[in-house]
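Have a look at the structure below before the remarks.
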Amino acid sequence: MKKREAEAEQWETPSLEWIHRVRRERQAERRGRPIVPLSRKETERLAKRYGLKIVRPVPANR
């Protein structure tokens with residue numbers, strides 16, 4: 001059985017197949033890129049841009 005046929009049988013819903021294919025392609029593109037550390041300000045700016053909530057641990061003495 002070919003890989004493509006195995007994937008088609010694995011996912012009963014065709015719409016899921018393209019999601020997983022795109023995910024694999026994006027992971028392949030990112031593989032090998034260097035990891036760049038971000039400052040706290042840059043992280044907060046990205047979180048605001050994408051509408052993410054930053055969760056930080058609460059100090060024990062509070």
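In nanometres, what is the gap between the two model label sites at Ala60 and Val22, each 7 Å from Cα along Cα-to-Cβ?
About 4.5 nm, to one decimal.
Taking 0.36 nm per residue of sequence separation and subtracting the Cα-Cα distance, how much length would be gained by fully extending the chain between Arg49 and Arg30, in nm to one decimal?
4.8 nm
May I ask which residue of Pro59, Val22, Pro37 lies farthest towards the positive end of the charge dipole of the range 17-62, with charges of +1 (Lys, Arg) and -1 (Asp, Glu) on Cβ and the Cα centre as origin?
Pro59
None of the figures in this text is laboratory data; all of them are computed from the coordinates on show. Fair warning: this is a prediction, and the values are worked out from it, not measured in the lab. Methodologically, a virtual Cβ is constructed for each residue, glycine included, from the backbone with ideal geometry; neighbour enumeration extends over all protein chains shown.
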